[in-house]
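The values are calculated or read from the model by the stated rules, or taken from the named source; none is laboratory data. Every value quoted in this text rests on a predicted model; they were computed, and no experiment measured them. Positions of Cβ are generated from backbone atoms using ideal geometry, with glycine treated the same way; all protein chains shown enter the neighbour counts.
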Amino acid sequence: MLGLMQDRPLLISALLEHAARNHGGSKIVSARADGSLDRHSWPQIAARAARLAHALAKRGVQRGERIATLAWNGHHHLECYYGVSGMGAVLHTVNPRLFPGQIGYILADAADTHLFVDPTLVAGAEALADRLPASLKTIVIMGDAGDIPAECKLRGRFEVLSQEELIAGEPDSFPWPDLDERSASSLCYTSGTTGEPKGVLYSHRSTVLHAISTLQRDCFNIGATDVVMPVVPMFHVNGWGIPYSAAVAGASLVLPGMKLDPASLFRLFEAEGVTFSAGVPTIWTALLQWLRADPSRRFARPPRLVVGGTALPTAINAGFLKEYGVEILHAWGMTETSPLGTTNARKPENAAWDADRFLDYSRKQGRALFGVEIRVRDGEGREIPHDGVAFGELEVRGPWVASAYFNRPGDPAHTADGWFRTGDVVTVDALGCMEIVDRAKDVIKSGGEWISSITLENLIMGHPAVAEAAVIPVRHRKWDERPLLLVQPKPGMTPSAEEILAFYEGKVAKWWIPDAVEFVESLPHTATGKLWKAELKQSYKDRVIG
């Protein structure tokens, strides 16, 4: 027997219509490169998205056709989120920080027909001209006609026009189609640091379910009165889904554009009354250092922050909470998981812990959200005990977890019974809280035992002289691999190797302590801000210690 309930598809266009119909008083603030701000409402964004959909339909854009963006967080990008996906095409957000060869590969693999480009990224697009695929016909500059350079090198081979020209004169409403909710809605590629980038193709259903789930109190906890600023770029896993989550809640959005330096972000926090924000650890680490440089820099209303991407050192979390009253929620996810998979919010079992005890615990990535299942298995395929000690590879499944990669049939990323293999090596404690101890490819195998490079990195970040650190395996004549610690000191500080290594004593087993320390001026990062371990391993591939 089936239930007698109406059957309406879960569609991205419905999110926008809901926000426009019920939350007209919320604001959409968008920062320009010159520091000025554009202001809109949800009804105005809905009208502009409709005009974009009309313009693309007139140009023959079909359902399933890929439309690419090369852009920061701004209202033009938000209009693409809803206008492109709402009409049935596929929004393909491209990371402008990737190498030119990777961007060319991604655009060709997706067979994009239109490319929307932020005005500040036009020069980069011009440099890519010879790498752009034959499928691409039109370049749209995300602004008005004055944002197109007079001598734009893209003209000739491509049609070039502005987004304002494109939508001019189009109707303010669009008959959004009743698509199959499993239809493709958007496309993101992994950063491709170990091989070519891989495409993850999201559906309307997966996106809407993810957006609703993130509003839980133990996740983003966003409501209509919140002012939400996604510092995470909208090209990075669809801005962690926040542009959709905000529409479901009817919250206000502040889109910071290209300037993500601490001073620019703090101005927006204060001027716009931001109550919630999300970003990677490098963003919050830099903001904390900037705040500390001047005692007058205080939040009028401390916002709630979410961190993900990599682990946030406990010292940073403690600094925000104890010095500025800012709570940070640790979350985990991947491009393949839309991305939210776990959050580390309190449970009844640890609700009474004092701040210091929970701060130490908050380094963990957390427990699964409803909709996501996790399991952890060792090298023999056995599920590990939940004792917080045993290691294994994390596997996940759920309605917003990728079942395959775009254009890569048969890619061995899933188990025989359909679980996605994340490549993360984790422990799980008695409360079901997961902690990433390494990537499977980065764990250090010393004499048959595993050493977590991430644990060593997080610990040393608590040293007052360390700005950033990385731990990589190097060859050892007896133990196969041993950890090498690379340290970027804070400006003006010159710690000794002995001082650095002594910091580990009593915090980890003696055999975990790195065999050597090297001081470096800087460390390489991927296009998404993570430490680029592959590059470091290549640089030190001939290093032998012991």
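Go through segment 449-546 and tell me which helices (runs of 4 or more DSSP H), entirely inside it, have 1 or more residues that are at pLDDT 95 or above and over 30 Å from residue 98 (Cβ atoms). Outline the logic, then answer.
On the way: elements: 453-460, 497-502, 533-539.
Because the criterion is at least 1 residues that are at pLDDT 95 or above and over 30 Å from residue 98 (Cβ atoms), the helices (runs of 4 or more DSSP H) in segment 449-546 that meet it are 497-502.
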- Item | Within segment 275-320, considering residues that are of a type in the set (Phe, Trp, Tyr) and not in a helix (DSSP H, G or I), the one farthest from the chain's Cα centre (by Cα) | 299
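Anything in segment 482-502 that is more than 20 Å from residue 529 (Cα to Cα) and either of a type in the set (Lys, Arg) or surrounded by fewer than 19 Cβ atoms within 10 Å (Cβ to Cβ) (or both)? List them, or say none.
Of everything in segment 482-502, those that are more than 20 Å from residue 529 (Cα to Cα) and either of a type in the set (Lys, Arg) or surrounded by fewer than 19 Cβ atoms within 10 Å (Cβ to Cβ) (or both) turn out to be 482, 491, 492, 493, 494, 495, 496, 497, 498, 499, 501, 502.
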- Somewhere in segment 506-526, is a residue under 30 Å from residue 235 (Cα atoms) and of a type in the set (Ser, Thr, Tyr)? yes
- Quick one: which residue in 471, 466 is in the same structural domain as residue 496 (by TED's automatic domain parsing), closer than 25 Å to residue 504 by Cβ, in contact with a Ser or Thr (Cβ under 6 Å, 6 or more places away or on another chain) and surrounded by 19 or more Cβ atoms within 10 Å (Cβ to Cβ)? 471
- Residues that are buried (at least 17 other Cβ atoms within 10 Å of the Cβ) and touching a Lys or Arg at 6+ places or on another chain (Cβ under 7 Å), drawn from segment 32-83: 41, 79
- Item | Selected residue [among the small types (Gly, Ala, Ser), closer than 20 Å to residue 451 by Cα, surrounded by fewer than 18 Cβ atoms within 10 Å (Cβ to Cβ) and more than 23 Å from the chain's Cα centre (by Cα)] from 410, 379 | 379
- Filter segment 432-448 down to residues that are over 23 Å from residue 330 (Cβ atoms) and loosely packed, with under 14 Cβ neighbours inside 10 Å and give me whichever is modelled with the lowest pLDDT. 448
- Query: Which condition breaks for residue 390 when tested against (1) under 30 Å from residue 106 (Cβ atoms); (2) touching an Asp or Glu at 6+ places or on another chain (Cβ under 8 Å); (3) aliphatic (A, V, I, L, M)?
  - Reply: (1)
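Of all residues in segment 1-26, how many are buried (at least 16 other Cβ atoms within 10 Å of the Cβ), in contact (Cβ under 8 Å) with a residue 60 or more places away in the chain and not in a loop (DSSP other than H, G, I, E, B)? Don't jump to the end; show me each part of the working.
Taking segment 1-26 and keeping what is buried (at least 16 other Cβ atoms within 10 Å of the Cβ), we get 9-20, 23, 26.
Okay, now just the ones that are also in contact (Cβ under 8 Å) with a residue 60 or more places away in the chain, so 9-19, 23, 26.
With not in a loop (DSSP other than H, G, I, E, B) added as a condition, the list becomes 12-19.
Of the residues in segment 1-26, 8 are buried (at least 16 other Cβ atoms within 10 Å of the Cβ), in contact (Cβ under 8 Å) with a residue 60 or more places away in the chain and not in a loop (DSSP other than H, G, I, E, B).
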- Note on the structure: The condition from (1) under 23 Å from the mean Cα position of the chain (by Cα); (2) under 24 Å from residue 398 (Cα atoms) that residue 181 misses is numbered (1)
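Just a yes or no: is a residue in segment 76-96 at pLDDT below 95 and of a type outside the set (A, V, I, L, M, F, W, C)?
Checked segment 76-96: at least one residue is at pLDDT below 95 and of a type outside the set (A, V, I, L, M, F, W, C).
How about segment 92-106: which of its residues are crowded, with 23+ Cβ neighbours inside 10 Å and outside any loop (DSSP other than H, G, I, E, B)? Walk me through it before giving the result.
Taking segment 92-106 and keeping what is crowded, with 23+ Cβ neighbours inside 10 Å, we get 92-94, 103, 106.
Once the filter is applied, which keeps residues that are crowded, with 23+ Cβ neighbours inside 10 Å and outside any loop (DSSP other than H, G, I, E, B), segment 92-106 yields 92, 93, 103, 106.
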- Item | Pairs, first closer than 28 Å to residue 477 by Cα and not assigned by TED's automatic domain parsing to the domain that holds residue 478 in segment 430-449, second in a loop (DSSP other than H, G, I, E, B) and among the aliphatic types (A, V, I, L, M), C-beta under 8 Å, six or more apart | 437/443
- Message: Looking only at strands (runs of 3 or more DSSP E) that lie completely in segment 336-414, which have at least 2 residues being touching a helix residue (DSSP H, G or I) at 6+ places or on another chain (Cβ under 8 Å) and closer than 26 Å to residue 215 by Cα?
- Response: none
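For segment 309-340, which residues satisfy the criterion of being of a type in the set (Val, Ile, Thr) and farther than 13 Å from residue 369 by Cβ?
If we filter segment 309-340 for residues that are of a type in the set (Val, Ile, Thr), which is where we start, we get 310, 314, 316, 326, 328, 335, 337.
Correct list: 310, 314, 316, 326, 328, 335.
Looking for something over 28 Å from residue 30 (Cα atoms) and in contact with a helix residue (DSSP H, G or I) (Cβ under 9 Å, 6 or more places away or on another chain) - is there at least one such residue anywhere in segment 112-131? Walk me through it before giving the result.
Pass one, segment 112-131, residues over 28 Å from residue 30 (Cα atoms): 129-131.
Narrowing further to those that are in contact with a helix residue (DSSP H, G or I) (Cβ under 9 Å, 6 or more places away or on another chain): 130-131.
Looking through segment 112-131, at least one residue is over 28 Å from residue 30 (Cα atoms) and in contact with a helix residue (DSSP H, G or I) (Cβ under 9 Å, 6 or more places away or on another chain).
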- Item | Residues being part of a helix (DSSP H, G or I) and under 15 Å from residue 275 (Cα atoms) - total across segment 224-242 | 1
- For segment 142-189, name all the residues that are under 18 Å from residue 61 (Cβ atoms) and part of a strand (DSSP E or B). 158, 159, 160, 161, 162, 184, 185, 186, 187
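Please enumerate the residues belonging to segment 321-335 that are outside any loop (DSSP other than H, G, I, E, B), over 16 Å from residue 214 (Cα atoms) and not aliphatic (A, V, I, L, M).
As a first pass, look at segment 321-335 and keep what is outside any loop (DSSP other than H, G, I, E, B): 321-324, 328-333, 335.
Still in the list and also over 16 Å from residue 214 (Cα atoms): 321-324.
Matches in segment 321-335: 322, 323, 324.
Criterion first (over 18 Å from residue 238 (Cβ atoms), of a type in the set (Val, Ile, Thr), buried (at least 17 other Cβ atoms within 10 Å of the Cβ) and assigned by TED's automatic domain parsing to the domain that holds residue 34) does residue 275 satisfy it? Break it down stepwise before answering.
On the way: over 18 Å from residue 238 (Cβ atoms): yes; of a type in the set (Val, Ile, Thr): yes; buried (at least 17 other Cβ atoms within 10 Å of the Cβ): yes; assigned by TED's automatic domain parsing to the domain that holds residue 34: yes.
So residue 275 fits the description; yes.
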- Query: Does segment 129-144 include one or more residues that are within 30 Å of residue 261 (Cα to Cα), in the same structural domain as residue 200 (by TED's automatic domain parsing) and surrounded by fewer than 19 Cβ atoms within 10 Å (Cβ to Cβ)?
  - Reply: yes
